[in-house]
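First up is the structure itself, then whatever we jot down about it.
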Amino acid sequence: MENPAGADPIIRIEKVCKRFGACEALRGVSLAVNRKEVVVIIGPSGSGKSTLLRCINRLEEYDSGRITVDGIPLDTAKNINAVRTEVGMVFQSFNLFAHLTALDNITLAQRIVRKRNRQEAERVARELLEKVGIPEKANFRPAQLSGGQQQRVAIARALAMNPRIMLFDEPTSALDPEMINEVVEVMEKLAYEGMTMVVVSHEMGFARAAADRVLFMDEGQFIEEGTPDDLFDHPKQERTKAFLGKVLHIHNQ
């Protein structure tokens, strides 16, 4: 799944393989993502989507192949750390510190990694809480917030590090249905502002609204890719048709 000639990808994944024992999670996957592009990866559970996402910042080791992020190959500890400072990641689980307020959750890494003083870190945190629509929740702890609010704090925390790339690993899958839209709206806003994003998601509405490309993954490989309209309305592969037939039917019920 390579990009057009002349493109300058910010993420380049080349023939990456990953095994978990006898399970081949990634089978020679290649992908190039351009700057400011929004790529959504869909597919059944266990198809390798989350594993691939975690390989992009080496949260997961891969067995062979090559990944380069913004010109930096993920081949040394120094390079991996450099890449991680440029890549924000939002997980299914919110991973917030339960004993810290929303504000403190967002300022902590800024002060440790970016070396910002408390005043600067808090200014950034308050701006981002405004951006994700919950400025009034600054002094609330995670247990006092809804799932959607917690995930928006998690997004703000990732953005506070000024990432060039945002990775989202099924960010709405742990949320109640009525909370999904408030997180999707924040993600759509980021997409329209030009953030480079790679999103693993079952939210077909987000993919239609915000993705430049949608890729369908199954059994550790990309089966098909296209624009949202092409992939959802005119899928070519039978496996893609079968998956979308089930997923879109469920969403339309």
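How do 233, 218 rank by accessible surface area computed with a 1.4 Å probe, from largest to smallest?
Correct descending sequence by accessible area is 233, 218.
Note on residue 115 and residue 19: the extension gain reaches 30.8 nm, defined as 0.36 nm multiplied by sequence separation minus the Cα-Cα distance.
Note: relative contact order over the stretch 109-183, using C-alpha pairs below 8 Å and six or more positions apart, is 31 percent.
Rounded to the nearest whole Hz, the Karplus-based 3J(HN,Hα) values (6.51 cos²θ - 1.76 cosθ + 1.60, θ = phi - 60°) of the stretch 138-154 follow the sequence 3, 9, 8, 7, x, 5, 8, 10, 6, x, x, 5, 4, 5, 5, 5, 4, with x at glycine and proline. Solvent-accessible area of residue 185, all protein chains in place: 120 Å² (probe radius 1.4 Å, heavy atoms, ligands and nucleic acids excluded). With 0.36 nm allotted per residue and the present C-alpha distance subtracted, the residue 209-residue 127 stretch has 27.0 nm of extension available.
Between residue 188 and residue 100, the distance separating the two model label sites (each 7 Å from Cα on the Cα→Cβ line) works out to 3.1 nm.
Once the Kirkwood radius over Cα pairs is known for the stretch 25-139, the Stokes-Einstein relation at 10 °C and 1.306 mPa s delivers a diffusion coefficient of 95 µm²/s.
Here residue 137 sits with roughly 40 square angstrom of accessible surface, probe radius 1.4 Å.
Probing with 1.4 Å while keeping every protein chain in the model, the per residue accessible area of the stretch 130-253 equals 45 Å².
Extension gain for residue 81-residue 93 works out to 2.1 nm (0.36 nm per residue, less the C-alpha to C-alpha distance). Helix 102-112 axis versus longest C-alpha principal axis of the chain: approximately 80°, rounded to the nearest ten.
Ignoring lysines fewer than eight residues from residue 115 along the same chain, the ones with Cα atoms less than 29 angstrom from its Cα are 36, 78, 131, 137, 189.
How large is the helix-only mean residue ellipticity at 222 nm for the chain, computed as the sum of -39500 (n - 2.57) over DSSP H runs with n ≥ 4, divided by its residue count, in deg cm²/dmol to the nearest 500?
Here the helix-only value at 222 nm equals -11500 deg cm²/dmol.
Ligands, DNA and RNA excluded, the heavy atoms of residue 229 present near 90 Å² of accessible surface to a 1.4 Å solvent probe.
The values are calculated or read from the model by the stated rules, or taken from the named source; none is laboratory data. Quick caveat: nothing in here was measured; it's all calculated off a predicted structure. Counting neighbours? That spans all protein chains shown, and the Cβs are built from the backbone with ideal geometry, glycine included. Keep in mind that these areas ignore ligands, DNA and RNA; they rest on the heavy atoms of the full protein, side chains included. Shrake-Rupley method; radii C 1.70, N 1.55, O 1.52, S 1.80 Å.
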